[in-house]
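K.L.:
Handing you a structure now.
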Amino acid sequence: MEHVRGGQDQEQERSAGPQLARLMRRWWEEAGSTTGGTRPTQQALAARLGIDQTTLSRYLNPKHLSTAPPRVVEILHTQLGAPATELERARTLCRTALRENGRKQGSDSTADQAADPVDPSDPSDPSDPSDPSDDLGADGLNDTSGRQPSRWLRRALVAAAIMLAFTAGALVNERLSAPGPKATDTGATGALSASEAPYEWPLLRMGEEDQFSRARALQNLLNAHGYKVLADGFFRQDTRDAVMDFQQRHDLPVDGKVGPLTWPELVKVVEHGSGAFEVRAVQELLNNVGQGGTAVSGKFTAATVQDLKFFQRTHGLAATGRVNADTWLALLVKQLPPVKAPAYQRGTSPLPSTPL
């Protein structure tokens with residue numbers, strides 16, 4: 001018996017779930033060793049992932065049956081600076097482990113059914129022909145006299161069935177005649193465009209309160225257009241003056257408010273080779289959408305591209321790693337209420353070398 005149990009333990013250790021857990025645990029244990037940084041605590045990692053520390057500990061424990069979902073695997077890889085060559089292996093192990101878990105649950109369910117067969121003599125069995133609930137009279141109540149349902153009831157049932165069939169046919173015809181999904185400017189069929197997405201550009205205006213990531217993104221975008229504004233999240237007079245000048249130059253209503261007319265003119269396509277200000281604006285927004293922290297550096301790094309693609313995939317956008325108007329809109333809408341301003345908020349945004 002001990003020999004059999006040992007063999008089962010060894011087989012479990014070789015399965016995909018424990019292999020994935022060991023791989024991710026090694027990422028965590030080695031984090032910071034190559035760069036000389038500090039390894040993040042599990043508590044800090046869990047907060048970035050939006051899960052509790054106990055759940056993260058289970059994902060990193062090879063002896064636990066919990067398997068980390070793909071999102072957690074990808075964000076951990078990015079946050080811990082794991083080797084790029086190991087990401088695809090981790091994804092494969094994750095998919096395999098989830099399939100194995102599904103098969104195991106299915107076999108357990110089958111075993112439970114075999115262990116608890118249906119008793120054919122059980123009066124609660126719905127297939128039992130002697131169940132009196134199957135014999136309804138004309139008034140819809142149980143009729144133990146053996147009579148069949150009345151003629152008007154049968155006619156009503158037939159009429160209801162015809163009406164349901166007609167309605168279903170109309171819906172199918174409408175679905176077949178509807179136009180197919182549109183392709184976006186990137187050629188990805190089925191992805192949402194800014195005009196189709198159920199989003200509206202947020203409205204920003206001058207105020208005393210800290211408006212956090214949206215305002216910092218706005219200020220960085222203004223700087224990308226040649227203005228000199230401190231990207232601190234406070235929409236003061238200097239930000240309003242820059243907005244009004246921008247609106248005047250682009251034939252927009254000059255009201256100093258940033259809404260559905262100004263945002264589309266203000267945002268820029270961001271990709272490899274883009275300027276530091278627009279990249280920083282994207283990173284500000286990515287850092288506050290609840291999928292784990294994104295470094296706000298102004299450099300369009302591989303980690304930024306991975307975070308961006310993950311956001312696009314999870315919000316019905318083409319996962320291009322390129323920020324167009326559709327992605328800007330989704331990023332601005334999906335901002336979480338901030339708990340506090342990040343440490344880099346005050347006075348750290350790079351400013352243009354020359355004013356407007």
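The values are calculated or read from the model by the stated rules, or taken from the named source; none is laboratory data. From a predicted model like this one, the values you see are computed outputs, not experimental measurements. Reconstructed Cβ throughout: ideal geometry from the backbone, glycine too, with neighbour counts over all protein chains shown. These accessible areas exclude ligands, DNA and RNA; they are computed on the full protein's heavy atoms, side chains included. Shrake-Rupley method; radii C 1.70, N 1.55, O 1.52, S 1.80 Å.
K.L.:
Of all the residues that make up region 215-228, how many are out of contact with any helix residue (DSSP H, G or I) (no Cβ under 6 Å at 6 or more places or on another chain) and either among the charged types (D, E, K, R) or open to solvent by 20 Å² or more (accessible area, probe 1.4 Å) (or both)?
P.N.:
Residues flagged as out of contact with any helix residue (DSSP H, G or I) (no Cβ under 6 Å at 6 or more places or on another chain) and either among the charged types (D, E, K, R) or open to solvent by 20 Å² or more (accessible area, probe 1.4 Å) (or both) within region 215-228 amount to 3.
K.L.:
So, one more: Residues in region 269-287 that are hydrophobic (A, V, I, L, M, F, W, C) and open to solvent by 40 Å² or more (accessible area, probe 1.4 Å): how many?
P.N.:
2
K.L.:
Additional query: Identify, please: which residue in region 229-268 is in contact (Cβ under 8 Å) with a residue 12 or more places away in the chain and of a type in the set (V, I, T) and is, among those, surrounded by the fewest Cβ atoms within 10 Å (Cβ to Cβ)?
P.N.:
Among them, the one singled out is T262.
K.L.:
Just checking, how many residues over region 48-83 are farther than 17 Å from E30 by Cβ, open to solvent by 50 Å² or more (accessible area, probe 1.4 Å) and without any contact (Cβ under 8 Å) to a residue 24 or more places away in the chain?
P.N.:
Residues meeting the conditions: 4.
K.L.:
Condition first: under 30 Å from A302 (Cβ atoms) and charged (D, E, K, R). Now tell me which residues in region 224-264 satisfy that.
P.N.:
D232, the sole residue that qualifies.
K.L.:
Taking only region 298-356 into account, find how many residues are of a type in the set (A, V, I, L, M) and at pLDDT below 70.
P.N.:
The total comes to 5.
K.L.:
Shifting gears a bit: Where in region 17-87 are there helices (runs of 4 or more DSSP H), lying wholly inside it, with at least 1 residues that are in contact with a helix residue (DSSP H, G or I) (Cβ under 9 Å, 6 or more places away or on another chain) and among the small types (G, A, S)?
P.N.:
42-49, 53-59
K.L.:
Let me ask something else. If you take the residues of region 269-323 that are in contact (Cβ under 8 Å) with a residue 12 or more places away in the chain, hydroxyl-bearing (S, T, Y) and part of a loop (DSSP other than H, G, I, E, B), which of them is nearest to V333 (Cα to Cα)?
P.N.:
For region 269-323, the residue satisfying everything is T294.
K.L.:
Restricting region 288-339 to residues that are among the hydroxyl-bearing types (S, T, Y) and over 22 Å from G233 (Cα atoms), which is most open to solvent (accessible area, probe 1.4 Å)?
P.N.:
Applying the filter and picking the extreme gives T314.
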